[in-house]
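Here is the structure we will look at.
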Amino acid sequence: MSRTVKADTDTPTPTPTPTPTLTPAPEAAAPERGSLRALLPALAAHRAMTARTCAAALLEQGSLVALVTLAAHTVGTAVVDARAPASGTVAALVALVLVRALTTWHEMDLSHDLAYRVLAALRVRVFDGLARSAPARVAGRRSGDLAATAMADVEALEFFYAHTTAQLLAAGTVFTGGAAFLAVLEPWLLTAVLPAAALLAAAPFADARGREERGARTRTATAALSADTVETVDGLRELLAHGALPGHRRRLADRGRQLGDAQRAEATWEAAAAALRELLIVGALLGVVAAAAHSAASGRLHGAWAPAAMALALGLLVSVAESARSLSQAVSLRAAASRVGAAVRAPALAPPPAEPRPLPPGPLGVRLRRVGFDYGGGPVLDGVDLTVGAGETLALVGASGAGKSTCAHLLGRFWDPTEGEVQLLPADGVPLDLRELSDADLRRAVALVGQETPLFHGTLAENLRLAAPDADDALLAETARLCGVDRIAPLTTLIGERGATVSGGQRARIALARALLARPRVLILDESTAHLDNESDARLASALHHQGRTTLVIAHRRATIRRADRIAVLEAGRIVEEGTWRQLTATPGSALNRVLADTTP
């Protein structure tokens with residue numbers, strides 16, 4: 001039932017890299033310093049829209065401050081000088097109202113458009129990072145947690161792009177201009193405004209660590225709830241069958257309470273911070289009132305400008321307070337930004353060659369030449385030498401944990417060996433290291449059918465065409481017939497999310513057909529025929545043999561092993577025996593006989 005992503009069934013769930021050094025999973029690490037700043041380069045691809053958004057934010061904030069200041073000055077003039085506003089003043093007020101209304105709408109439209117464009121590109125980069133570093137960085141991680149990084153964490157960054165960057169720039173510009181105007185109008189007014197503004201601006205940084213921790217708790221709780229929910233839904237039939245659903249419902253309720261507690265902690269601190277910001281603004285405003293009254297009484301400030309100064313100070317402080325609020329909320333997103341950044345920057349475990357070598361046409365053999373590999377906890381493969389000739393079928397057998405699936409994954413270049421070479425052997429006799437090939441050439445030449453079969457919501461035909469989108473209907477129908485997929489249901493049948501409507505044997509048929517549809521020259525079957533009945537297994541093996549395809553079969557079933565042209569026995573990461581079925585079984589105490597004694601007939 002569990003959707004924990006497995007990397008290799010022959011070994012404990014590892015977190016491998018190309019070298020023995022292991023990289024911790026992103027969710028386990030503390031938020032990285034500078035993780036929010038690292039998000040800014042994503043705006044570079046949208047310079048024009050970013051500039052328009054900043055301009056709209058500047059007009060929106062600037063027009064509001066200008067509007068309240070001019071309105072207060074108009075009222076002050078009417079009261080102090082008993083003079084009605086001039087027509088130009090009225091026209092300016094009307095224009096400012098219209099500008100404020102239009103720019104508020106336009107800024108919201110632009111900022112959210114920009115944010116969602118950036119997030120769309122960021123999701124692709126996260127997916128590319130996960131794909132580039134798979135399976136190591138996804139090994140042992142639950143599918144719901146991966147979904148939380150790819151979707152929820154990216155979605156959370158919408159606030160940063162839509163409500164932080166342009167607003168901070170606009171607020172800084174408006175405050176600088178307003179403060180300069182206040183300094184010209186009456187320098188003493190700044191003595192009340194600047195300290196409050198400095199405290200408002202410093203508050204997000206003073207509580208940055210606490211906000212990071214609270215934000216990290218919320219992101220962790222969200223990921224845990226997502227993972228448990230996905231697993232519960234995915235294993236609903238098993239849970240119902242074994243009466244385990246009530247326990248999982250209680251677990252989901254506990255996860256929900258943990259998330260609720262984390263969110264309430266964030267909301268409580270934000271409410272307290274908002275109250276503190278309001279107190280600072282009120283205190284500063286009282287200081288401005290006192291300074292304006294003293295300046296007006298001493299004749300340094302005209303009485304009509306006193307209310308304008310107070311309105312201007314209020315507008316500037318509110319702008320700074322809103323920016324501080326936005327910055328505070330952005331700080332709490334550092335955990336999400338760190339997880340997203342780790343996924344985006346994930347190193348390639350199988351880096352592409354600088355200058356790929358072309359793969360010649362024709363049959364291909366494969367060779368592991370003095371191959372060593374480990375996951376950081378000791379060697380799994382130790383000097384493996386194994387060759388499969390072009391058109392040959394070789395059965396690789398061994399006890400669980402011997403390293404068979406690791407060999408298969410190295411042949412598929414999911415990882416690169418720690419030492420030695422994994423090669424393809426063209427007919428011209430010049431070996432090609434997998435590291436010298438482009439990924440596209442390798443995937444066209446080598447197909448790996450693993451023990452798990454990822455299926456997607458769609459028709460049978462759509463799931464088969466994942467490996468060969470351009471395959472014609474005739475080839476699709478023939479491949480489906482060969483693997484027995486046509487006996488499952490019509491190819492236009494929907495198979496449900498994760499292939500919920502098909503059995504284990506049917507999944508195996510679909511996986512085999514999907515691989516064969518791409519017409520690979522090398523086929524690697526990692527226990528993928530274990531769910532087939534003996535008759536289907538024999539019919540498929542006969543078809544593969546007649547096609548002349550090079551095949552490496554990892555199997556425990558005696559009949560499957562016996563049909564292979566040759567057998568290699570893997571023990572403790574080394575090839576200890578090679579030969580035909582007759583040769584190896586005729587020797588009492590052979591490694592193959594020991595393996596067969598523990599296998600199903």
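Only the coordinates and a few stated rules stand behind these numbers; no lab work does. These numbers were taken from a predicted model, which means no experiment stands behind them. Cβ coordinates were reconstructed from backbone atoms using ideal geometry, including for glycine residues, and neighbour counts include every protein chain displayed.
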Subject >> Among (1) 38.6; (2) 25.0; (3) 34.8, the entry derived from the coordinates for mean projected area of the Cα convex hull in nm² >> reply: (3)
**OP:** Using only Cα atoms, find the angle between the long axis of helix 47-80 and the longest principal axis of the chain, and express it within 0 to 90 degrees, rounded to the nearest 10.
**Re:** 20
Original post:
What residues qualify as long-range amide H neighbours of GLY398, i.e. H under 5 Å apart, gap of 5 or more or another chain, H built at 1.01 Å from N?
Top reply: LEU570
**OP:** Enter the angle in degrees (range 0 to 90, nearest 10) between the Cα long axis of helix 534-547 and the first principal axis of the Cα atoms of the chain, meaning the one along which they spread out most.
**Re:** 90
Original post:
How much FRET efficiency would the formula 1/(1 + (r/R0)^6) give for ALA51 and LEU194, where r is the Cβ-Cβ distance and R0 is 25 Å, rounded to 0.05?
Top reply: 0.25
Subject >> Cβ-Cβ FRET estimate between ALA78 and GLU238, R0 fixed at 56 Å, reported to 0.05 >> reply: 0.10
Subject >> Rel. contact order, % - alpha carbon contacts under 8 angstrom, at least six apart, the stretch 364-597 >> reply: 28
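Give me the extension gain from THR89 to HIS112: residue separation times 0.36 nm, minus the current Cα-Cα distance, reported in nm with one decimal.
Here the answer is 4.9 nm.
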Original post:
Considering the dipole of the chain built from charges on the beta carbon (Lys and Arg +1, Asp and Glu -1) around the Cα centre, which of ALA500, ALA538, ALA202 is farthest to its positive end?
Top reply: ALA500
Subject >> Simple label model, 7 Å out from Cα along Cβ direction - ARG481 to LEU279, nm >> reply: 8.2
Original post:
At what distance in nm do the modelled label points of LEU286 and ARG209 sit from each other, each positioned 7 Å from its Cα along Cα→Cβ?
Top reply: 3.2
Original post:
How much length is gained on full extension from ARG562 to ASP385, taking 0.36 nm per residue of separation minus their Cα-Cα distance?
Top reply: 61.5 nm
Original post:
Hey, fewest Cβ within 10 Å first, where do THR222, THR191 land in order?
Top reply: THR191, THR222
Original post:
Want the number for LEU245 to ALA348: 0.36 nm per residue separation, take away the alpha-carbon distance, what's left?
Top reply: 33.1 nm
Subject >> Counted charge near THR493, where neighbours are those whose Cβ lies closer than 15 Å (Asp, Glu -1; Lys, Arg +1) >> reply: +1
**OP:** Extending each Cα 7 Å along its Cβ direction at PHE456 and ASP473, get the distance between those two points in nm, one decimal.
**Re:** 2.3
**OP:** Would you mind ranking ASP228, ASP385, ASP153 by Cβ crowding within 10 Å, fewest neighbours first?
**Re:** ASP385, ASP228, ASP153
Original post:
Which FRET efficiency value, to the nearest 0.05, do you get for ARG264 and GLU571 by plugging their Cβ-Cβ distance into 1/(1 + (r/R0)^6) with R0 = 60 Å?
Top reply: 0.60
Original post:
Assigning unit charges at the beta carbon (Lys, Arg +1; Asp, Glu -1) and nothing else, what dipole magnitude in debye, to the nearest 20, does the chain show about its Cα centre?
Top reply: 340
**OP:** Count charges around ARG214 for me, please; just the other residues with Cβ under 11 Å from its Cβ, Lys/Arg as +1, Asp/Glu as -1.
**Re:** 0
Subject >> Relative contact order [Cα under 8 Å, 6+ residues apart], the chain, whole percent >> reply: 17
**OP:** Calculate how many DSSP beta bridges within the chain are antiparallel, expressed in % of all such bridges and rounded to the nearest 5.
**Re:** 55
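When the helix-only estimate is applied to the chain (DSSP H runs of n ≥ 4, each -39,500 (n - 2.57), divided by the residue count), what is the mean residue ellipticity at 222 nm, nearest 500 deg cm²/dmol? Before the final figure, lay out the partial values.
Working: 20 runs with 331 residues, N = 601.
Helix-only estimate at 222 nm: -18500 deg cm²/dmol.
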Subject >> In order through the stretch 323-335: 3J(HN,Hα) via Karplus (6.51 cos²θ - 1.76 cosθ + 1.60), integer Hz, x for Gly, Pro >> reply: 5, 5, 5, 4, 5, 4, 5, 5, 4, 5, 8, 4, 5
Original post:
Which of the listed residues, ALA564, GLN167, VAL75, is farthest toward the dipole's positive end in the chain, when Lys, Arg count +1 and Asp, Glu count -1 at the beta-carbon?
Top reply: VAL75
